[in-house]
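Notes for the one structure printed next.
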Amino acid sequence: MSSPTLYQQIRRTLTDEIMSGRYAAGDKFPPENELCDRFGVSRQTVREAIRELQSRGLLKRRRGAGTIVCGRQDPTLFVQEIDTLGRLFDAAQDTRLDRKSEGLIVVREGLADLLGCKSGESWLRFAGLRWHVKRNIKLCWTEIFVARKYADVRRHVTEQTSGIFTLLEKHFGVMPTRLEQEISAVAIDAKHAAELDCDAGSPGLFVLRRYFDPADELYQIAISLYPADRFTMKTQLLRQAGA
């Protein structure tokens, strides 16, 4: 898995400093050259980090005044920046899974249609709340399904586990080479609204991901339900030569 890029590391550091109150709303933010010296990086890297902070509403440029701090409230709690599978997995490191239930299940027809697996198959299921570690905030309700042959992964899951996929790679040597993702707008039902501390019927995002191994076999499925203000997906698509 790829490590966070330089601008991502800088963005995270600066976000934490703004959220902690080091920079108050209305303060002038340090200029680019000062940040370049502090982090030992190029102006382009600093500009990319600042651009991300602006897109999240933490900073704004004011003509004649430079860059100004908007405040401590990041309008989106969790932003995933996706252009490779590695970036997807990096994002999970900021979270932890609070398991409410786990165990083997037999997938019935209706659920099989949703998950994209075969009816009657046995899968290991984890269900619970995913939390943002640093902010201690509930991000989503999530359910993770693991192929039966990897069910022993449950022995390695702890309270500090961020992603099941990392354990599958570490202990079984299986890693995804292809991922399918579906995102739908939904109204959050009363049961999950109570778990997520939001209003029943409020807007949410339903995210379904299917993970395929090098043999193109489905081995993990994850479904997550986010309140709409707690999740943003950013995708970067590059044109291939000749396309």
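The values are calculated or read from the model by the stated rules, or taken from the named source; none is laboratory data. Keep in mind it's a predicted model, so treat the numbers as computed, not measured. Neighbour counts are summed over all protein chains in view; Cβ atoms, including those assigned to glycine, are modelled from backbone coordinates with ideal geometry. Calculation scope for accessible area: heavy atoms of the full protein, side chains included, ligands and nucleic acids excluded. Shrake-Rupley method; radii C 1.70, N 1.55, O 1.52, S 1.80 Å.
Per the listing Gln44, Gln9, the residue uniquely farther than 30 Å from Pro176 by Cα, without any contact (Cβ under 8 Å) to a residue 40 or more places away in the chain and of a type outside the set (Asp, Glu) is Gln44.
Looking for something surrounded by 12 or more Cβ atoms within 10 Å (Cβ to Cβ) and within 19 Å of the chain's Cα centre (by Cα) - is there at least one such residue anywhere in region 112-127?
Taking region 112-127 first, the residues surrounded by 12 or more Cβ atoms within 10 Å (Cβ to Cβ) are 112, 114-117, 119, 121-127.
Subset that is within 19 Å of the chain's Cα centre (by Cα): 126-127.
Yes, there is a match, as at least one residue in region 112-127 is surrounded by 12 or more Cβ atoms within 10 Å (Cβ to Cβ) and within 19 Å of the chain's Cα centre (by Cα).
One line per residue, one yes/no per condition, for (1) of a type in the set (D, E, K, R); (2) in contact with a Leu (Cβ under 6 Å, 6 or more places away or on another chain); (3) touching a residue at least 24 places away in the same chain (Cβ under 8 Å); (4) closer than 20 Å to Cys140 by Cβ:
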{"residue": "His156", "(1), (2), (3), (4)": "no, yes, no, no"}
{"residue": "Ser162", "(1), (2), (3), (4)": "no, no, yes, yes"}
{"residue": "Met175", "(1), (2), (3), (4)": "no, no, yes, no"}
{"residue": "Val186", "(1), (2), (3), (4)": "no, no, yes, yes"}
{"residue": "Ala190", "(1), (2), (3), (4)": "no, no, no, yes"}
{"residue": "Pro203", "(1), (2), (3), (4)": "no, no, yes, yes"}
{"residue": "Asp216", "(1), (2), (3), (4)": "yes, no, yes, no"}
{"residue": "Gln220", "(1), (2), (3), (4)": "no, no, yes, yes"}
{"residue": "Tyr226", "(1), (2), (3), (4)": "no, yes, yes, yes"}
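Criterion applied to Arg96, Arg108, Arg51, Arg87 was being more than 30 Å from Ile223 (Cβ to Cβ), of a type outside the set (Ser, Thr, Tyr) and either at pLDDT below 95 or out of contact with any Phe, Trp or Tyr (no Cβ under 7 Å at 6 or more places or on another chain) (or both), and the one residue passing it is Arg51.
Being modelled with pLDDT under 85 and either open to solvent by less than 60 Å² (accessible area, probe 1.4 Å) or β-branched (Val, Ile, Thr) (or both) is the filter here; which residues of region 19-47 pass it? I'd like the intermediate steps shown before the answer.
Here is the first cut: in region 19-47, the residues modelled with pLDDT under 85 are 19-21, 24-26.
Listed by number, the residues that qualify are Met19, Gly21, Ala24, Gly26.
Can you list residue pairs whose Cβ atoms sit under 7 Å apart, with the first residue in region 132-154 being without any contact (Cβ under 8 Å) to a residue 40 or more places away in the chain and farther than 30 Å from Lys118 by Cα and the second being open to solvent by 10 Å² or more (accessible area, probe 1.4 Å) and in a strand (DSSP E or B)? Count only pairs 6 or more apart in sequence or on different chains. Matching pairs, first to second residue: Val133/Arg96.
Taking the condition open to solvent by less than 30 Å² (accessible area, probe 1.4 Å) and either at pLDDT below 85 or in a loop (DSSP other than H, G, I, E, B) (or both), does Gly64 pass? Considered against the rule, which asks whether it is open to solvent by less than 30 Å² (accessible area, probe 1.4 Å) and either at pLDDT below 85 or in a loop (DSSP other than H, G, I, E, B) (or both), Gly64 comes out as no. For region 193-226, filtered to residues that are among the hydroxyl-bearing types (Ser, Thr, Tyr) and within 24 Å of Asp113 (Cβ to Cβ), the residue that is surrounded by the most Cβ atoms within 10 Å (Cβ to Cβ) is Tyr226. Please specify each residue of region 101-129 satisfying the condition of being more than 15 Å from Ile164 (Cβ to Cβ), touching a residue at least 24 places away in the same chain (Cβ under 8 Å) and not aliphatic (A, V, I, L, M). Answer for region 101-129, where residues must be more than 15 Å from Ile164 (Cβ to Cβ), touching a residue at least 24 places away in the same chain (Cβ under 8 Å) and not aliphatic (A, V, I, L, M): Gly116, Cys117, Glu121, Ser122. Phe172 meets the conditions (1) among the aromatic types (Phe, Trp, Tyr); (2) open to solvent by 50 Å² or more (accessible area, probe 1.4 Å); (3) at pLDDT below 95 in every case but one. The failed one is (3). Hey, does region 120-130 have a residue that's assigned to a strand (DSSP E or B), modelled with pLDDT under 95, of a type outside the set (Val, Ile, Thr) and under 24 Å from Ala194 (Cβ atoms)? The answer is yes, given that some residue of region 120-130 is assigned to a strand (DSSP E or B), modelled with pLDDT under 95, of a type outside the set (Val, Ile, Thr) and under 24 Å from Ala194 (Cβ atoms). Residues that are farther than 23 Å from Gly64 by Cα, part of a loop (DSSP other than H, G, I, E, B) and not small (Gly, Ala, Ser) within region 23-44 comprise just one, Val41.
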